[in-house]
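S.K.: My questions will all concern the structure given below.
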Amino acid sequence: MAHILVVGNEKGGSGKSTTSMHIATALVRMGHRVGALDLDLRQKSLGRYVENRRRFAAAQDLDLPTPNYIDLPEIDPAQLKQGENVYDHRLSVAIAQLEKDSDFILIDCPGSHTRLSQVAHSLADTLVTPLNDSFVDFDLLAKVDTDGQTILGPSVYSEMVWHARQLRAQAGLDPIDWIVVRNRLGAQQMVNKKKMGEALDKLARRIGFRHIPGFSERVIFRELFPRGLTLLDLKDIGIERMNISNVAARQELRDLLKSLNLPGVTIEF
């Protein structure tokens, strides 16, 4: 069976699609078969990222390693069994379609609570939650007292993950490996980074996740999306000598993939 990797966070702007595309493309480059789904049926940021990549590669006559992205199939309501949810059925059909030819299936969830997102979380072998390094975003995971240190209790997203874990346990599946990825780390915000790190340590012990550094705030990520490119594609488009920022970003990606500890994955870039 394919290993299902879900990228989820109910708050927009945390870098889910950028993280999703870089993980998926890196796995393809390392020889793994990767299927991909975007459950944000309205915005489809990951879907547009892949579409941009395919269009750019065709225009430049490039062979860029790309995940096998598909849209959720449309379902005739007449095919549904009594009481069956149409979104559940669409997701299960898509996963069945990808699974036969995939080592990994990456699912990018919307920045809001939806039925599709809830079901996807219960399917996750690995759950990656990108989080801006800010207490505004931390509030998604836990409620914090006015001192910025005392955790009052889990918040809405953590409660959804807890529910997904319960469903997996009832089905006899392995526990979710939940990883919170700290994105948009600022080099100058040392006090905030320290406080965030301490708060995440406390919460991780309480509700059970790992937290790791992700991507710093860099201009290059905004420049890559229109062409569907990732940090690993720069040499393919003729950039042989990368600047210091790009080299650092590539190392961040390497560290991220290593920390995910995905089965059968050896980092080779």
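S.K.: Which members of segment 88-113 meet the condition of being crowded, with 17+ Cβ neighbours inside 10 Å, closer than 21 Å to Ala171 by Cβ and modelled with pLDDT under 95?
M.R.: His89, Arg90
S.K.: Can you tell me how many residues in segment 131-183 are surrounded by 14 or more Cβ atoms within 10 Å (Cβ to Cβ) and not hydrophobic (A, V, I, L, M, F, W, C)?
M.R.: Result for segment 131-183: 15.
S.K.: Scanning segment 221-269 for residues that are touching a residue at least 60 places away in the same chain (Cβ under 8 Å), among the polar types (S, T, N, Q) and surrounded by 11 or more Cβ atoms within 10 Å (Cβ to Cβ), which turns out nearest to Thr129 (Cα to Cα)?
M.R.: Only one residue fits best here, namely Ser259.
S.K.: Here's a follow-up. Which residues, taken from segment 67-87, are more than 29 Å from Arg54 (Cβ to Cβ) and either aromatic (Phe, Trp, Tyr) or surrounded by 12 or more Cβ atoms within 10 Å (Cβ to Cβ) (or both)?
M.R.: Of everything in segment 67-87, those that are more than 29 Å from Arg54 (Cβ to Cβ) and either aromatic (Phe, Trp, Tyr) or surrounded by 12 or more Cβ atoms within 10 Å (Cβ to Cβ) (or both) turn out to be Leu80, Glu84, Asn85.
S.K.: Under the condition of being at pLDDT below 90 and within 27 Å of Glu51 (Cα to Cα), which residue from segment 184-220 is surrounded by the most Cβ atoms within 10 Å (Cβ to Cβ)?
M.R.: Of everything passing the filter in segment 184-220, Arg184 is surrounded by the most Cβ atoms within 10 Å (Cβ to Cβ).
S.K.: In the set Arg29, Arg53, which member is of a type in the set (Lys, Arg), buried (at least 23 other Cβ atoms within 10 Å of the Cβ) and farther than 26 Å from Met160 by Cα?
M.R.: Answer to the selection: Arg53.
S.K.: Just one of (1) within 22 Å of the chain's Cα centre (by Cα); (2) closer than 19 Å to Thr25 by Cα trips up Lys235, so point out which.
M.R.: The number of the failed condition is (1).
S.K.: Quickly run through segment 65-85 and pick out the residues that are of a type in the set (Val, Ile, Thr) and in contact with a strand residue (DSSP E or B) (Cβ under 6 Å, 6 or more places away or on another chain).
M.R.: If the condition is that a residue be of a type in the set (Val, Ile, Thr) and in contact with a strand residue (DSSP E or B) (Cβ under 6 Å, 6 or more places away or on another chain), then no residue fits.
S.K.: A further question follows. Quick one: count up the residues across segment 230-248 that are of a type in the set (Val, Ile, Thr) and in contact with a Leu (Cβ under 8 Å, 6 or more places away or on another chain).
M.R.: 2
S.K.: Still on this model: For segment 149-169, indicate whether the set of residues that are among the polar types (S, T, N, Q), closer than 18 Å to Leu256 by Cα and in contact with a strand residue (DSSP E or B) (Cβ under 9 Å, 6 or more places away or on another chain) is non-empty.
M.R.: no
The values are calculated or read from the model by the stated rules, or taken from the named source; none is laboratory data. It should be emphasised that the depicted structure is a prediction, and the values quoted were computed from it without experimental measurement. Positions of Cβ are backbone-derived with ideal geometry, glycine not excepted, and every protein chain shown enters the neighbour counts.
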